[in-house]
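The values are calculated or read from the model by the stated rules, or taken from the named source; none is laboratory data. These numbers come from a predicted model, not from an experiment. Positions of Cβ are backbone-derived with ideal geometry, glycine not excepted, and every protein chain shown enters the neighbour counts.
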Amino acid sequence: MIAQLGDFRMGYDDSGEGLPVVFLHGFPHDRNLWNAQRLALSSQARCIVPDLRGFGHSSTHGPFSVDQYADDVIALLDALQVERAVVCGLSMGGYVAMALWRRHPDRVKAFVFCDTKAGADSDEARAKRDELAALVRKDGARAIAEAQIQGMVGATTRERRPEVVAGMRAMMARQPVAGIVGALQALRDRPDSRETLRTISVPVLVVVGEDDVLTPIKEARAIAEALPTSARVRLEIIAGAGHVPCLERPAATTHAISDFLSTLA
């Protein structure tokens with residue numbers, strides 16, 4: 001489906017009934033990242049899965065920032081007449097979820113933070129973002145797919161599930177260059193969210209792949225430890241998965257999210 005939100009077009013899926021849950025993909029993905037969860041959880045919840053600005057079927061023009069991504073999500077919820085939702089974000093989607101809490105806390109019922117972190121980029125990481133942007137401008141989206149595939153999926157997946165690796169590579173390679181470059185700028189310039197975590201007062205599930213090398217278990221634990229007791233935080237480590245457990249171990253990831261959602265009813 002396509003929502004026209006002013007001058008911005010947003011691709012999204014909307015299926016199921018009940019508690020609204022918004023699934024936010026990572027970089028450089030699109031909403032298909034969450035297909036398994038959307039299909040499995042539609043009997044339990046209303047699953048709303050957008051393409052963030054610059055990805056999938058969404059418009060590729062700026063501005064690009066985690067705040068803009070967050071405002072885009074709220075514009076979609078407004079169009080769908082959804083007052084509050086559980087927000088589930090993976091990696092970059094987690095940064096957008098944290099921006100949502102800073103900007104629109106009254107719209108969030110609970111969070112699922114998947115394979116993400118709260119800190120800002122280091123100087124070294126910012127320089128790497130700029131190098132990747134230059135690479136994509138020169139060689140296209142396929143270049144970033146090749147550059148990131150090793151870290152994107154875990155060692156177990158690379159060894160045992162080549163079809164998942166191929167699917168992730170294809171997803172990254174089909175994203176618009178403008179969206180990739182814009183997102184790299186947004187990621188580079190995003191604020192530190194560690195203080196934001198301390199203010200969260202809704203329930204939180206933290207999910208991380210056991211083999212994640214991009215945002216490893218220590219980052220997930222740091223999020224869990226920074227959250228106040230009012231967040232009633234739960235931490236789930238998905239065995240045999242890397243940075244995208246929703247693709248690598250879909251059933252285990254879906255079970256963790258489903259169990260968490262059942263506590264919110």
- prompt: Would you pick out the residues in the stretch 200-221 that are assigned to a helix (DSSP H, G or I) and more than 25 Å from Arg107 (Cβ to Cβ)?
  reply: Ile217, Lys218, Glu219, Arg221
- request: Name the single residue, out of those in the stretch 137-168 being basic (Lys, Arg) and within 15 Å of Ala241 (Cβ to Cβ), that is surrounded by the fewest Cβ atoms within 10 Å (Cβ to Cβ).
  value: Arg160
- request: Those residues that are surrounded by fewer than 18 Cβ atoms within 10 Å (Cβ to Cβ), in contact with an Asp or Glu (Cβ under 7 Å, 6 or more places away or on another chain) and among the charged types (D, E, K, R), I need them from the stretch 97-128; list them, please.
  value: Arg103
- request: Find all pairs meeting these conditions: Cβ atoms under 9 angstrom apart; at least six residues apart or on different chains; first residue within the stretch 222-247 and at positive phi; second residue of a type in the set (A, V, I, L, M) and outside any loop (DSSP other than H, G, I, E, B).
  value: Arg232/Val204; Gly240/Ala252
Residues located in the stretch 217-229, provided they are surrounded by fewer than 20 Cβ atoms within 10 Å (Cβ to Cβ) and of a type in the set (Val, Ile, Thr): Ile217, Thr229
message: Can you pull out every residue in the stretch 86-136 that is closer than 16 Å to Phe27 by Cα and among the acidic types (Asp, Glu)?
response: Asp115, Asp121, Asp130, Glu131
task: Among the residues of the stretch 169-199, count how many are surrounded by fewer than 20 Cβ atoms within 10 Å (Cβ to Cβ) and either among the basic types (Lys, Arg) or not in a loop (DSSP other than H, G, I, E, B) (or both).
output: 12
message: List pairs: first residue in the stretch 1-25 and free of Cβ contacts under 8 Å to residues at least 60 places away in the same chain and closer than 22 Å to His61 by Cβ, second residue of a type in the set (Ser, Thr, Tyr) and part of a strand (DSSP E or B) anywhere in the structure, Cβ distance under 8 angstrom, at least six positions apart or on different chains.
response: Met1/Tyr12; Ile2/Tyr12
task: Considering only the stretch 230-255, state which residues are crowded, with 20+ Cβ neighbours inside 10 Å and of a type in the set (A, V, I, L, M, F, W, C).
output: Ala231, Val233, Ile238, Ala241, Val244, Cys246, Leu247
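Quick check on this structure: which one of Arg103, Arg46 is of a type outside the set (S, T, N, Q), within 20 Å of Tyr12 (Cα to Cα) and modelled with pLDDT of 95 or more?
Answer to the selection: Arg46.
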statement: Across the stretch 81-96, the tally of residues that are more than 16 Å from Ser15 (Cα to Cα) and buried (at least 20 other Cβ atoms within 10 Å of the Cβ) stands at 8
